[in-house]
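Colleague: Input: one structure, supplied below.
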């Protein structure tokens, strides 16, 4: 039986760039992000430090310009991390056992950087530093993308690691030579995520792997939505459509916070922004939330609601699961073009900059990825039992 511990949320499939790809590392990050991958590890062993530095900066600049999507984790190179311009800090830094010690990396890192660490033997698992955000365990099989000095663990060795690490809140990532057919076994054994390099880079449709991964993980570890759920995400991510479908399936009331505001004021959201300004609208949004939101509902929040700290506290007090409908901001912007009356849909650059600013509040929460699937598919996924 797996330990019953609430882990820090982590994507079900951890995408890592492949040195053997015809695309540059930065191009791979952009490509995977456009397909819907929320997090990509930027890894490259074949370029010079100067060339890799250029790839890092390109990937981070493009991520920021795309609404801080995808999040980027830098592999190993703490020396290059120090050369990244202000305002372009990556989401995380992944270290191997032979790389910079965690204590030294923490001393050099800027605040908010998440540290990942590979682990391979019992001593690594028993002495995992508390400061580590997520931990890779493996290799399960002999890696196909690079030579490894560590013996493969197999699934028995992986389960041993899970028993040792089970009481820790850090998400555990299965690493090393994994295939699509390993997903069910990995999550069933206790993995929170599965790292892939070769399987992804050789796939004709990598987004299908992400869909399969999240489907397998939701099946192994579904959320309890019987008392309701709060859906958050950027404007245009599809929260209202998904919320209506979920409410019908769960036989719960559906509340769209923006619609509740329009009903109370007899004005559209666009009119409220234009006539009263955003600051006044946010106060009204908070007031209407207090009046309308309660347990036993499926709740869809407006794009900016979650980013009010007082409103976040109120929503958390409802003790409902909070799920981010995590869509690439550019995909959200494309959808918003069919609703030009939305107040924040006037300029693509402004919209993406706002998404980048808000991205920090959407991290470390449960996410669901559409991967080009329908609302019906997403609702099926969340209500599977």
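Each reported figure results from applying straightforward, stated rules to the coordinates on display, with no laboratory input. These numbers come from a predicted model, not from an experiment. Please note: Cβ atoms are built from the backbone with ideal geometry, for glycine as well, and neighbour counts cover all protein chains shown.
Colleague: Calculate the spin-label point distance for residue 339 paired with residue 224, positioning each point 7 Å from the Cα along the beta-carbon direction, and give it in nanometres.
Modeller: Those two pseudo-labels are separated by 3.2 nm.
Colleague: If contacts are Cα pairs under 8 angstrom and at least 6 residues apart, what is the relative contact order of the chain in percent? Walk me through the numbers before you get to the answer.
Modeller: Numbers: 680 pairs, mean separation 74.5, N = 385.
With pairs under 8 Å counted, the relative contact order is 19 percent.
Colleague: When the chain is modelled as a GNM with alpha-carbon springs shorter than 10 Å, which of 207, 367, 131 fluctuates the most?
Modeller: Evaluated over the chain, the most mobile residue of the options is 131.
Colleague: Is segment 228-382 rounded, prolate or oblate when judged by the Cα gyration tensor, a ≥ b ≥ c being the square roots of its eigenvalues, rounded requiring a/c under 1.5 and prolate requiring a/b larger than b/c?
Modeller: On the way: a/c = 1.44, a/b = 1.10, b/c = 1.31.
Rounded is the answer for segment 228-382, as its axis ratio a/c remains below 1.5.
Colleague: Would you mind pulling out the separation of the Cα centroids of segment 24-41 and segment 218-252, in Å?
Modeller: Computed from Cα coordinates, the inter-centre distance equals 27 Å.
Colleague: Nearest 10 degrees is fine. How inclined is helix 269-292 to the longest principal axis of the chain, computing both from alpha carbons?
Modeller: 80
Colleague: With runs of 4+ DSSP H residues as the only contributors, calculate the mean residue ellipticity of the chain at 222 nm using -39,500 (n - 2.57) per run, divided by the residue total and rounded to the nearest 500. If you can, show how the numbers build up before the last one.
Modeller: Working: 16 runs with 163 residues, N = 385.
That comes out to -12500 deg cm²/dmol.
Colleague: With springs only between Cα atoms under 10 Å, which of 358, 330, 168 fluctuates most in a Gaussian network model of the chain?
Modeller: 168
Colleague: Sort segment 13-220 into rounded, prolate or oblate with this rule: let a ≥ b ≥ c be the square roots of the eigenvalues of the Cα gyration tensor; rounded if a/c is under 1.5, and if a/c is not under 1.5, prolate when a/b is larger than b/c, oblate otherwise.
Modeller: Details: a/c = 1.62, a/b = 1.20, b/c = 1.34.
It comes out oblate by the Cα gyration axes.
Colleague: Compute the acute angle (0 to 90°) between the alpha-carbon long axis of helix 49-65 and the principal axis of greatest extent of the alpha-carbon atoms of the chain; round to the nearest 10°.
Modeller: The answer is roughly 20 degrees.
Colleague: Here's something else I'd like to know. With angles folded into 0 to 90 degrees, how steeply does helix 206-220 sit against the dominant principal axis of the chain? Use alpha carbons for both and round to 10.
Modeller: So the helix axis and the longest Cα principal axis differ by about 80 degrees.
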